[in-house]
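Here is the structure we will look at.
The values are calculated or read from the model by the stated rules, or taken from the named source; none is laboratory data. Quick caveat, the model's predicted, so the values are computed rather than measured. Don't worry about glycine lacking a Cβ; one is built from the backbone with ideal geometry, like all the others, and counts go over all protein chains shown. Heads up: the accessible areas ignore ligands, DNA and RNA and are worked out on the full protein's heavy atoms, side chains in. Shrake-Rupley method; radii C 1.70, N 1.55, O 1.52, S 1.80 Å.
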Amino acid sequence: MNNLDPSVRNSAPLTREEVEHAAAALVAAFAATDTQAYFASFAPETEFVFHTESERLPDRASYERLWQSWLDAGWRVTACESSNARVHLLGDAAVFVHDVRTTTETDGAPSTTFERETIVFARASDGGVVAVHEHLSAQPAKGGDES
């Protein structure tokens, strides 16, 4: 089922507020390791490109399987902070770019990563806003100051 009905997308341009709200909800769900809310933020056909994975994940179901394998290994997110956000409105789609500081834990061992993320949002058939593409890249060190 295609959640992106072209007739809905073309009739209602996205607003900055809608994109910021969708991005904040996605980040909050990720930060809480809230699997259901997190994956509800993505259209089924969303493609994911993560620097930590050797191949692209061609759809949400592929990422859900990977996520579940992480959970099964004792992984969870303990904190996720978004900063330096930019929204580029493109009519019925928008590009959201931000820096992300994420702390995860696997079996009690914490790990913090600093990354850059690009998320493309579009209007869903129900009128809401969903992510349709996500690209995560490692963030270069900032001269010793990574905060």
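One table, with the values for the structure above:
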{"quantity": "Förster radius 35 Å - calculated FRET efficiency between ALA138 and ASP107, Cβ distance, rounded to 0.05", "calculated": "0.90"}
{"quantity": "Potential extension, THR52-THR15 segment - 0.36 nm per residue separation minus Cα distance", "calculated": "10.2 nm"}
{"quantity": "Debye, to nearest 20: dipole size of the chain, +1 on Lys, Arg Cβ, -1 on Asp, Glu Cβ", "calculated": "240 debye"}
{"quantity": "The chain: angle of helix 60-72 to the longest principal axis, Cα-based, in degrees nearest 10", "calculated": "20 degrees"}
{"quantity": "Options SER54, HIS88, PHE30, ranked by Cα towards positive dipole end of the chain, top entry (Cβ charges)", "calculated": "HIS88"}
{"quantity": "Cα-only Debye scattering, the chain: base-10 log of I(q)/I(0) at q = 0.09 Å⁻¹", "calculated": "-0.28"}
{"quantity": "Segment 2-131: relative contact order as a whole-number percent, Cα under 8 Å and 6+ apart", "calculated": "30 percent"}
{"quantity": "Whole-percent carbon and sulfur share, accessible surface of the chain, 1.4 Å", "calculated": "51 percent"}
{"quantity": "Computed helical MRE - 222 nm, the chain, DSSP H runs ≥ 4 contributing -39500 (n - 2.57), nearest 500", "calculated": "-8500 deg cm²/dmol"}
{"quantity": "Residues ALA24 and VAL95, FRET efficiency given R0 of 22 Å [Cβ-Cβ distance, rounded to 0.05]", "calculated": "0.85"}
{"quantity": "In Hz, Karplus ³J(HN,Hα) per residue of segment 38-43 (6.51, -1.76, 1.60; θ = phi - 60°; x = Gly, Pro)", "calculated": "4, 6, 5, 6, 10, 5"}
